[in-house]
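Below is one structure, written out as structure tokens; comments come after it.
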Amino acid sequence: MAENAPTQVDMRDTDFLTPAGEAAMLSPDSVSWQVFKNPVAMFIGGITATLLELAEPRIRAGVWDNTTFKDQPLPRLKRTGLAAMVTVYGAESKARRLIHGVNQRHAKIRGTTENGIQYRASERELMNWVHTTASFGFLTAYRTFVRDVSATDRDRFYEEALNSASVYGAPGCPRNEAECKAHFEAIRSQLEATKVNREFLGIMHRTPALPLFMRPFQAMFIRAAVSLLPPPLLSQLDLESEGKLRSWETWLIKQLGKLTDKLVIPSAPAVQSCVRLGLPKNYLYQKARQL
């Protein structure tokens, strides 16, 4: 049960074009700027990360008891996605303001799980798991359904997340892929199969979360997200039946991933942030920028 009602984080200051010339927390030449620009990887990886987060009982209680996700999933999904984009692409001053607001909100969330375990949303252990699962989900979705990422660049991706993670109050995130795997092993015994994961998947199936032209693929993307769970956890969380993809579906998702990785959309945060820094709109999409 929850003891404190959360406050709303102000997400209005989300213009990626201003202030002109102001750097983001990460360089345009980072691996993260490449990965986060792809909407297929972001949608699939975000669901993978959320399933892993909800499997942890304290995080599950914090999310399910203190957010509007069950009743208003679409606004919640948009806020979460926008926060990720601001953290990676936004001007650093705006990103830090947003993170400060998120931290203030987390500081007010505390309660007790159904098994009587007290929790605070701002606990470092929980924040570390949230950020680790996000990095794992987005990177795994990108390298599985968009294009391969070298071992060196995978380690760079995890290292790039450390700065913003520490500002979010998650100083113990993995520095590389090996540390990510070790983190998964260390926390595995705490993760539980729960009806909430299936309820979450049901909400995602019912919610029109993707742009209209991609909506026919939403159910397929959701199954793809489940399929990315490490095999031992897929079984442990009792989600094997939710993550089955036919070979042609895997092929189709990869084609969509590759297609969207080449689309220069002027309104996209990645493109607008390049413009803010005086770079060409297609800077991230040039062959020279490929991983």
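Read-outs: derived from the displayed coordinates by stated rules, not from any lab. Being a predicted model, the structure only gives us computed values, none of them experimental. All Cβ positions, even for glycine, are placed from backbone atoms using ideal geometry, and neighbour counts span all protein chains on display.
Quick notes on this one:
- Sequentially through the stretch 172-187, phi angles give Karplus couplings (6.51, -1.76, 1.60; θ = phi - 60°) of x, 6, x, 8, 6, 5, 4, 5, 5, 4, 5, 4, 4, 5, 5, 9 Hz, Gly and Pro residues having no value and appearing as x.
- Under 16 Å from the D29 label point (7 Å along Cα→beta-carbon), backbone N, the stretch 144-173: 153, 156-157, 160
- A helix-only calculation puts the chain at -17000 deg cm²/dmol for mean residue ellipticity at 222 nm, using -39500 (n - 2.57) for each DSSP H run of at least four residues, averaged over all residues.
- Derived scalar couplings between HN and Hα for the stretch 145-150 equal 10, 10, 6, 5, 10, 4 Hz in order, rounded to whole Hz, by the Karplus curve 6.51 cos²θ - 1.76 cosθ + 1.60 (θ = phi - 60°), x for Gly and Pro.
- Extension gain for S241 to L279 (0.36 nm times residue separation, less C-alpha to C-alpha distance): 9.1 nm.
- Extending 7 Å from Cα along the Cβ direction at T207 and again at K258 yields two label points whose distance is 3.1 nm.
- Taking other residues whose beta carbon is less than 12 angstrom from the beta carbon of S241, and scoring Lys, Arg as +1 and Asp, Glu as -1, yields 0.
- Mean Cβ neighbour count within 10 Å, used as a protection proxy, ranking 67-73, 267-273 highest first: 267-273, 67-73
- Residue by residue, the stretch 196-205 carries 3J(HN,Hα) couplings of 5, 4, 5, 5, 4, 4, x, 4, 5, 5 Hz when phi is fed to the Karplus relation 6.51 cos²θ - 1.76 cosθ + 1.60 (θ = phi - 60°); x denotes Gly or Pro.
- Residues in the stretch 259-284 reached by a label modelled at D15 [backbone nitrogen below 19 Å; 7 Å Cα→Cβ]: 266-279
- When the C-alpha to C-alpha distance is required to be over 23 Å, the pairs from K108/K195; K78/K181; K37/K254; K37/K70 that qualify are K108/K195; K78/K181; K37/K70.
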